[in-house]
Structures are given as structure tokens and as C-alpha cells.
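Participant: Have a look at this one.
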Amino acid sequence: MKEEIIKLDKVDKNYILGDSIVKAVRNASLTIRKGEFIAIVGPSGSGKSTLMNLIGALDLATKGRIFLEGKDIEHLEESELAVIRGNKIGFVFQTFNLIPTLTALENVTLPMVFQGFSKEERIERATELLKDVGLEERMKHLPGELSGGERQRVAIARALANNPDVILADEPTGNLDSKTGKHILEILKDLNKKGKTIIIVTHNLEMARKVDKIIKIKDGKIVK
Amino acid sequence: MKDFFFLAFNNLKRRKLRSWLTILGIFIGIAAVVSLISLGQGLQSFIHEQFEQVGGNKILVSPKTMMGMAGSATEEELVLTEDDLKAIRSVTGVEGAEGIVTRNSIISYKKESEVVMVAGMSEEYVEIFGNIDALKIIEGRQLRDSDKSNIVVGYNHIFGNLWDRKLKIGDDLEIKGKEFEIVGVLKKQGNPADDNAVWMEKETFRDLFDVGDNEGTITVKVKEGFNPDKVAEEIKEELRDERNEEEEQETFSVQTFSQLLETFNDIFAVVQVVLIGIAAISLLVGGIGIMNTMYMAVLERTKEIGTMKAVGAKNSDVLLIFLFESGLLGLVGGAIGIALGIGIGKAVEYIATAQLGTPYLQAVFGFPLIIGALIFSFIVGCLSGILPALQAAKLKPAEALRYE
Ligand SMILES: Nc1ncnc2c1ncn2[C@@H]1O[C@H](COP(=O)(O)OP(=O)(O)OP(=O)(O)O)[C@@H](O)[C@H]1O
Ligand SMILES: [Mg+2]
């Protein structure tokens, strides 16, 4: 058995909207081990994104505890959380979320800027990463000049910038046609083969079948 | 750091028009500050030079004006006479003292008439104070006590447009029914009052204008080694005795040039404060413009801020990026403002010089002024950006990412 990398222990996440409480995640417990490829599935509004945000330290739980490499992230400072997000986790979003004023290359270097790498190191690594996703011809292009699939590949390169152990992808193919989506999933599978732990939110059941483990979620509860 | 600057700069470029409009708000204020300070400094240094040239060793004694006087004093008593002059000369430390009397009068050349200042001056005055600019003759000669029907005229009579035809040495002017021949012309002073003036021998003036032994305003030269302020005090005492006046009730005033300079500096400081105050208000408005722009930017880029945090930006990183952005707005505004301010200052200097004919008003642009204005505008930008930047920094990553 491989080592545990992420562990949720009876986690609740509530949102307060005016005087009503939205229980987005309820009593969620799960364990993810190094190198696993996990798919989170469930109907819209069931709490998948909320769960991802909790795993990725983008948000804090209302109740319960979340461990990242054995460390309880509840007790970390804002700046320590930022370092975790920067170094340990790579995010891929449905809407790509590239910075529109920066070129593909600059977007990929951005996570390294916040970790204080020198310009030479950044450019060297970002160039490498963009080559890996087949975009060496597009490095100087702005996001607006790229297709959806190309943008998502830039986003994946960006997620890998600081060589994180975990990649979190929230519906990474949601805005792409099925052929392009397949390509993106191939890339993610490849990364998994190279040892990355990958957690992905998807509606694509065919895809979900190929993963190591499926986490089904309904009304904020993990059902299996 | 440098990378944050790059990010900030990049963001400004994307909203070019808005950035320029925001910058416009700042650079008007900075331009006002720079041009006002430079002209102020120029004017101040010019005045100081003038005082230096006139010399700190002079004292001015003049009748108090009617303004602010109790009703008891009549016009008659407010005059300085020959007795007063004698009393002043008797004070130790006084090297010499002479009065100049002036009246405004109609003077005529052929069929033309003008109202100008006519002044009466003795040869002794020229001897004592002859080296000052106001007495420099550029053509002909200075007045002598024997000049009973000769005059020296201001620059405009000969070289200006005071008369339809430019006069020349030897021409006659009629003053109060008497003909006077021009024997000399004075250097250009740059103000019409002096450049239109006519000077004649003092006794002749007194007869002509029927002013008895009126001395007008008396200028005193202090002997080498004496303190002008002390001598001025003694003159005051002597005159009080001689005129039988109580302290604080004097009908005359005694001023040293250093006191005049101080008075000038006081007035100047007030004017400066008022002008800078106006400039400060315009800068404040510019700062609010920056703040507004930055708030809009934070709102617009909420999702981007969330993304930056997701890829590892700390709150402090986001804060710095936005502060740099607003600081840059200020800095660019400052740079343009300085350029514009120098332009305005030089333009005013040029116009003033053309109008007055002498370089009274020189815009002075010191290195400290320019660097100071740059730093100041950067700080104004940063200060204006603090609140929006804090708001950006405090955004919760998950919520910022959800923002549409
Ligand atoms: N910041 C928030 N404030 C209030 N309610 C929220 C917030 N974020 C999520 N919710 C609510 O929590 C529930 C779960 O939302 P979440 O985004 O996790 O769903 P999801 O499973 O990702 O849905 P989808 O498949 O449509 O992306 C929803 O009912 C949503 O309205
Ligand atoms: Mg979702």
C-alpha cells in the first residue's frame, strides 16, 4: 500500500447565504494515496467543486480535518497555505483561468514567480513543460490567440510548473469538444503514469471508468 | 519584485484609455506643483539677488500711509521734511541720507499728454546710491544740482512706445507749464511706473509742485561696521524726539532692507502655501481617480486574483502587485506632470521676460524638485491604491474563483 497523501476526516462545509445555510459537503471522509487517479462524480450542485477546493487548500472546512501529507491544514497560516497551493498542488480549471495579458510562456512561469525562482530557471522549465504538451510553437501567444484545447494544455503546463505531487482538475474537459477532451485526459493519464496523484471531477462516465477509484457524491455526501 | 512590476505594468497596458485618463488626473496636479514651485523659487532668488545688489546696508524712512491711522493725524503731519532728514543724518552710523519726492503729473510732448510719475532727486543721492540698477544711465548723463531745466527720463520715453514718436536726448517735455530738456535716459526696469517716469533736480521739483521742504521717502546708507537694524532703531528714536511722537504712535516708518526681505518672504510663504494647497487639492482628486480605477480593476480581475492565489500567490504578493500598479499610475502621471510643469514654467518665464523685458521671473528646476516630484507622485499613487490593494489581497481564493 502506498503512502497516504490526502485524508479527509468527517469534513463539513457550510455556506451561509443570508439566514439559510447551504450544506455543500457533509461528513465527508476519504483517503487518497500517492499515485492514485481518482474521479469525483455526481450531479450538478452536489458539492464536487466544494470538495476539490477543500482538498486543494483553496477553502477551509467548517468542521472536520483535512490532512495533506499528514499535515493538518486547518492550523496553517494564510502564507503557508499559499506555499502549499504553489508547491504541492497544481490546479486545472474548467474555464482554463489563464491570465489574458500574459503569453503562454509567462502564464506557465507565474507559479514559479511566487516561489522566487530566477528568470532563467523559470523560462527554461516553462519552455520544457510547454514542449511536453506540444505547444513549443505557441509559447509567445496570448491566451486569446489559442484554441480551447491549447489553452487547457497551457493550464496543465502551468499546474506542473512547481512539480507538485497532486493535480486537481475540476471538469477540465467541460468546455472542450469530445476529441479535444480525450486528448487532455490522455495527457493527465500520462502524468499519472509518471507518478502524479490526479483527482479529477468529470461527467464523462467512459472516462471515469478508466480511473483507479471513483468517488460518488450526492447532496454533499459521499455515497461510495 | 521586478516580476511584480512587470505584472503590474502589463495590467495597465490592457486598459490603456482608462490608465491614461487616470494618469491625466494626477499629472495636472503634479504639473501645477512643479511649475508653481519652480517659478516661486525663481522669483525668490531674483528678489534676493536684487536685495543683495541694493545692499543690506540701507534703511528706508517713509511717512506712514493714512491707512490704519487714527483720525488725529492730518496729511500735513505725515510728511518727512528737511528737519527730519537732518535729524537722521545726525545719528551715529549713518553715512548719508537723501530723500526722493514723487508726484504723478501730466506731462506733454507737443500736442500729446501722459500722466506719469515725476520724481525729484539731488546730485547727492546719485553720489550715495549711484551704483544701483534704478539709476543706471544708458544714454546721455545723470542729473546735476545745476540742472534747473533738464530732466532724465525712463526707458520708455526714448525706446518705448510712450509717445507717438520716439523721443531723443535734447527733446523738450512740458511739465506744469515749464519746458524741460532731456539729458539722459535710464536703463529699462521692466515696470511701466519706472520706465515712464521723469526725474528732475529736487529743488526744481519742490518749486514746481509747491511741496515746501517735503523729502518724500528718505533712503539712508549705513556706515561700514554698523548694524543696520541697530541704526534703524536709533533713527526711530531720534525722529520720535525730533517730531515729538510717542512710541507706537509714530507717523513714519523705518525699515531696513533685511526687514523688507523678511516681509517679502512672509508674504511669499503665504502665497506659496495657498498655491500648493490648490495643487494639493487637485492631487487629491487625482488620487481619488486612481483609487476608483484600482477598485474597478480589483472587481474586474477578481477571478484572476483567485487564479493567482491558486497557483501560489500569497496575500502580500497580490497586495504588492496592485500597489505597484497604482504606484505606476502615479509615477507615470508624475513624469508627464513634471515635463508639463517644466513646459509651463518655461512658458511663463518666456512670456514674463518678453513682457517685462528683463528676466525677472526665471523658472528654476532643481534636481531635488524633479526627483522629489517623482517620488511624491509614486507615493500618491501607492497611497491611493492601498485600500483597493488590501481588498484584492484579502479575497478568499475559492470565492474569487467562483466570481463571474
Ligand atoms: N460560495 C458559496 N456560497 C454559497 N453557496 C455555495 C458557494 N459555493 C457553493 N455553494 C453551493 O454549494 C453547493 C455545491 O456547490 P458546488 O459548486 O460544489 O457543486 P458542484 O458539484 O461542483 O456542481 P457543478 O457540477 O454544477 O459544478 C451548491 O448548492 C452551491 O450552490
Ligand atoms: Mg463544480
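Participant: Considering only segment A:173-189, I want to know if a residue exists there that is buried (at least 22 other Cβ atoms within 10 Å of the Cβ), within 16 Å of ligand 1 (Cβ to nearest atom) and more than 16 Å from residue B:310 (Cα to Cα).
Facilitator: Checking segment A:173-189: at least one residue is buried (at least 22 other Cβ atoms within 10 Å of the Cβ), within 16 Å of ligand 1 (Cβ to nearest atom) and more than 16 Å from residue B:310 (Cα to Cα).
Participant: Would you mind stating whether residue B:391 is over 23 Å from residue B:283 (Cβ atoms), touching a helix residue (DSSP H, G or I) at 6+ places or on another chain (Cβ under 9 Å) and away from chain A (no Cβ under 14 Å)?
Facilitator: no
Participant: Something else: When you check residue B:96 against the structure, is it surrounded by 15 or more Cβ atoms within 10 Å (Cβ to Cβ) and in contact (Cβ under 8 Å) with a residue 40 or more places away in the chain, yes or no?
Facilitator: yes
Participant: Examine segment A:142-160 for a residue that is assigned to a loop (DSSP other than H, G, I, E, B), open to solvent by 20 Å² or more (accessible area, probe 1.4 Å) and under 18 Å from residue B:2 (Cβ atoms), and state whether such a residue exists.
Facilitator: Checked segment A:142-160: no residue is assigned to a loop (DSSP other than H, G, I, E, B), open to solvent by 20 Å² or more (accessible area, probe 1.4 Å) and under 18 Å from residue B:2 (Cβ atoms).
The rows are residues; the columns are (1) open to solvent by less than 80 Å² (accessible area, probe 1.4 Å); (2) over 27 Å from residue B:338 (Cβ atoms); (3) outside the structural domain of residue B:42 (by TED's automatic domain parsing); (4) modelled with pLDDT of 95 or more.
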{"site": "B:268", "(1), (2), (3), (4)": "yes, no, no, no"}
{"site": "B:274", "(1), (2), (3), (4)": "no, no, no, no"}
{"site": "B:279", "(1), (2), (3), (4)": "yes, no, no, no"}
{"site": "B:283", "(1), (2), (3), (4)": "yes, no, no, no"}
{"site": "B:286", "(1), (2), (3), (4)": "yes, no, no, no"}
{"site": "B:291", "(1), (2), (3), (4)": "yes, no, no, yes"}
{"site": "B:297", "(1), (2), (3), (4)": "yes, no, no, no"}
{"site": "B:302", "(1), (2), (3), (4)": "yes, yes, no, yes"}
{"site": "B:305", "(1), (2), (3), (4)": "yes, yes, no, yes"}
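Participant: On to the next question. So, in segment A:61-95, how many residues would count as being touching a residue at least 60 places away in the same chain (Cβ under 8 Å) and among the charged types (D, E, K, R)?
Facilitator: Adding up the residues that qualify gives 2.
Participant: Here's another thing I want to ask about it. What single numbered condition from (1) without any contact (Cβ under 8 Å) to a residue 60 or more places away in the chain; (2) more than 10 Å from chain A (Cβ to nearest Cβ) fails to hold for residue B:47?
Facilitator: Checking residue B:47 against (1) without any contact (Cβ under 8 Å) to a residue 60 or more places away in the chain; (2) more than 10 Å from chain A (Cβ to nearest Cβ), the one that fails is (1).
Participant: Let me ask you something else. Assuming residue A:154 fulfils every condition listed in (1) of a type in the set (A, V, I, L, M); (2) within 13 Å of chain B (Cβ to nearest Cβ); (3) within 16 Å of ligand 1 (Cβ to nearest atom); (4) without any contact (Cβ under 8 Å) to a residue 60 or more places away in the chain apart from one, which condition is it?
Facilitator: (3)
Participant: Under the condition of being open to solvent by less than 50 Å² (accessible area, probe 1.4 Å) and within 14 Å of chain B (Cβ to nearest Cβ), which residue from segment A:26-48 is nearest to ligand 2 (Cβ to nearest atom)?
Facilitator: So the residue we want is A:48.
Participant: Next question, about the same structure. Filter segment A:161-170 for residues that are open to solvent by 10 Å² or more (accessible area, probe 1.4 Å), in a loop (DSSP other than H, G, I, E, B) and within 13 Å of chain B (Cβ to nearest Cβ) and give the result.
Facilitator: Of everything in segment A:161-170, those that are open to solvent by 10 Å² or more (accessible area, probe 1.4 Å), in a loop (DSSP other than H, G, I, E, B) and within 13 Å of chain B (Cβ to nearest Cβ) turn out to be A:162, A:163.
Participant: Of the residues A:35, A:42, which single one is within 16 Å of ligand 1 (Cβ to nearest atom) and not hydroxyl-bearing (Ser, Thr, Tyr)?
Facilitator: Only one candidate qualifies: A:42.
Participant: Considering only segment B:19-44, how many residues are closer than 20 Å to residue B:304 by Cβ and either within 14 Å of another protein chain (Cβ to nearest Cβ) or exposed (fewer than 15 other Cβ atoms within 10 Å of the Cβ) (or both)?
Facilitator: Counting residues in segment B:19-44 that are closer than 20 Å to residue B:304 by Cβ and either within 14 Å of another protein chain (Cβ to nearest Cβ) or exposed (fewer than 15 other Cβ atoms within 10 Å of the Cβ) (or both) gives 1.
Participant: Output the residues belonging to segment A:86-112 that are within 8 Å of chain B (Cβ to nearest Cβ), open to solvent by 20 Å² or more (accessible area, probe 1.4 Å) and outside any loop (DSSP other than H, G, I, E, B).
Facilitator: A:87
Participant: Could I ask something else about it? If you take the residues in segment A:24-49 that are in contact (Cβ under 8 Å) with a residue 60 or more places away in the chain and among the polar types (S, T, N, Q), which one is farthest from residue A:172 (Cα to Cα)?
Facilitator: That would be A:27.
Participant: Then there's this: Considering only segment B:272-294, I want to know if a residue exists there that is closer than 30 Å to residue B:60 by Cα, more than 14 Å from chain A (Cβ to nearest Cβ) and in contact with a helix residue (DSSP H, G or I) (Cβ under 9 Å, 6 or more places away or on another chain).
Facilitator: yes
Participant: Would it be correct to say that residue A:21 is among the aliphatic types (A, V, I, L, M), near ligand 1 (Cβ under 8 Å from one of its atoms), open to solvent by 70 Å² or more (accessible area, probe 1.4 Å) and free of Cβ contacts under 8 Å to residues at least 60 places away in the same chain?
Facilitator: no
Participant: Could you tell me how many of the residues in segment A:198-224 are within 15 Å of ligand 2 (Cβ to nearest atom), crowded, with 20+ Cβ neighbours inside 10 Å and over 18 Å from the mean Cα position of the chain (by Cα)?
Facilitator: 1
Participant: Just the residues that are farther than 16 Å from residue B:34 by Cα and crowded, with 19+ Cβ neighbours inside 10 Å, please, taken from segment B:344-394.
Facilitator: Passing the criteria: B:352, B:381, B:382, B:384, B:385, B:388, B:389, B:392, B:393.
Participant: With respect to residue A:6, determine if the residue is within 16 Å of ligand 2 (Cβ to nearest atom), assigned to a strand (DSSP E or B) and open to solvent by less than 70 Å² (accessible area, probe 1.4 Å).
Facilitator: Answer is no for this residue.
Participant: Take the conditions open to solvent by 40 Å² or more (accessible area, probe 1.4 Å) and assigned by TED's automatic domain parsing to the domain that holds residue B:196 and apply them to residue B:127. Does it pass?
Facilitator: The answer is yes for residue B:127.
The values are calculated or read from the model by the stated rules, or taken from the named source; none is laboratory data. No experiment lies behind these values; they were computed from the predicted model shown. So basically every Cβ, Gly included, is an ideal-geometry build from the backbone, and we count neighbours across all protein chains shown. We work out accessible area using only protein heavy atoms, side chains counted, and drop any ligands, DNA or RNA first. Shrake-Rupley method; radii C 1.70, N 1.55, O 1.52, S 1.80 Å.
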